[in-house]
Amino acid sequence: MPTAEAVMPPNTIALFSGHMIDAPDRKTPRFPQHQEPHADAAITNVLSRIGVIPGDLAICGGACGGDLLFAEACLARNMRLEIYIPFEEPTFLANSVDFAGGNWHDRYHAVTSKATLHIMPEDLGPLPAGENAYERNNQWMLEKAARFGDEKIAFISLWNGEGGDGPGGARHFIDEARRRTTRIYWLDTTKLWD
């Protein structure tokens, strides 16, 4: 029996990277919790501009903030959703979801219950020596997005334009995405938060 993708490949693959909600003790705000409505509206608007339709594919991580807002917006459009996380779920939830408090834990599970969840150590094996898990996860998502052709990728980044807190952040992902597609949609948080 052929898969749904074999019968009806997506017209567009929306690939996302974006900031997590700030930890309560973050010294320099990057994505304060109260800015969630602005980020949500920007993601909704860019998906409309791109022209995604039901059955198109959305690919993202599963972190609180940008990833989950994007996932929710794509599911609301009846897109297929694939989520890629760099660690086993308990570790990922502790590092990238639960620290923010609120209802992010429940939102993560609501989204992943309707998505195909890919867990890097299970799918790709242990992290090779000298590699960064976040950079590897970015590359993995990009390769999965490109399986239907680079020309179908629309890369969306909710980002302040600065370097991240460590390797494998939004800057790394946007640089890698530019090697595959010219369809880059940068949602500049320094302007969204004004």
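The values are calculated or read from the model by the stated rules, or taken from the named source; none is laboratory data. Keep in mind that what you see is a predicted model, and the values were worked out from it rather than measured. Backbone-built Cβ (ideal geometry, glycine too); neighbour counts: all protein chains shown.
Within region 129-148, the only residue that satisfies the criterion of being outside any helix (DSSP H, G or I) and among the hydrophobic types (A, V, I, L, M, F, W, C) is 129. The set of residues in region 84-100 being among the aliphatic types (A, V, I, L, M) and either crowded, with 22+ Cβ neighbours inside 10 Å or over 17 Å from residue 133 (Cα atoms) (or both) consists of 85, 97, 100. Counting only helices (runs of 4 or more DSSP H) wholly contained in region 1-114, the ones carrying 1 or more residues that are of a type in the set (Val, Ile, Thr) and without any contact (Cβ under 8 Å) to a residue 40 or more places away in the chain occupy 4-7, 36-50, 89-96.
Restricting the first residue to region 132-152 and requiring it to be acidic (Asp, Glu), which pairs with a second residue that is part of a helix (DSSP H, G or I) and surrounded by fewer than 20 Cβ atoms within 10 Å (Cβ to Cβ) meet a Cβ separation below 7 Å and a spacing of at least six or different chains? Every condition considered, the pairs that remain are 135/172. From 64, 60, grab the single residue that is at pLDDT 95 or above, more than 18 Å from residue 153 (Cα to Cα), buried (at least 24 other Cβ atoms within 10 Å of the Cβ) and not charged (D, E, K, R). Among 64, 60, only 64 is at pLDDT 95 or above, more than 18 Å from residue 153 (Cα to Cα), buried (at least 24 other Cβ atoms within 10 Å of the Cβ) and not charged (D, E, K, R).
So, in region 29-54, of the ones that are closer than 19 Å to residue 182 by Cα and among the β-branched types (Val, Ile, Thr), which residue ends up surrounded by the fewest Cβ atoms within 10 Å (Cβ to Cβ)? Checked region 29-54; the qualifying residue surrounded by the fewest Cβ atoms within 10 Å (Cβ to Cβ) is 50. From 161, 130, grab the single residue that is in contact with a helix residue (DSSP H, G or I) (Cβ under 7 Å, 6 or more places away or on another chain), of a type outside the set (A, V, I, L, M, F, W, C) and over 19 Å from residue 82 (Cα atoms). Answer to the check: 161. Look at (1) assigned to a helix (DSSP H, G or I); (2) surrounded by fewer than 20 Cβ atoms within 10 Å (Cβ to Cβ); (3) more than 13 Å from the chain's Cα centre (by Cα) and you find that residue 126 fails only one, number (1). The set of residues in region 120-150 being within 16 Å of residue 17 (Cβ to Cβ) and among the charged types (D, E, K, R) consists of 135, 136, 143, 144.
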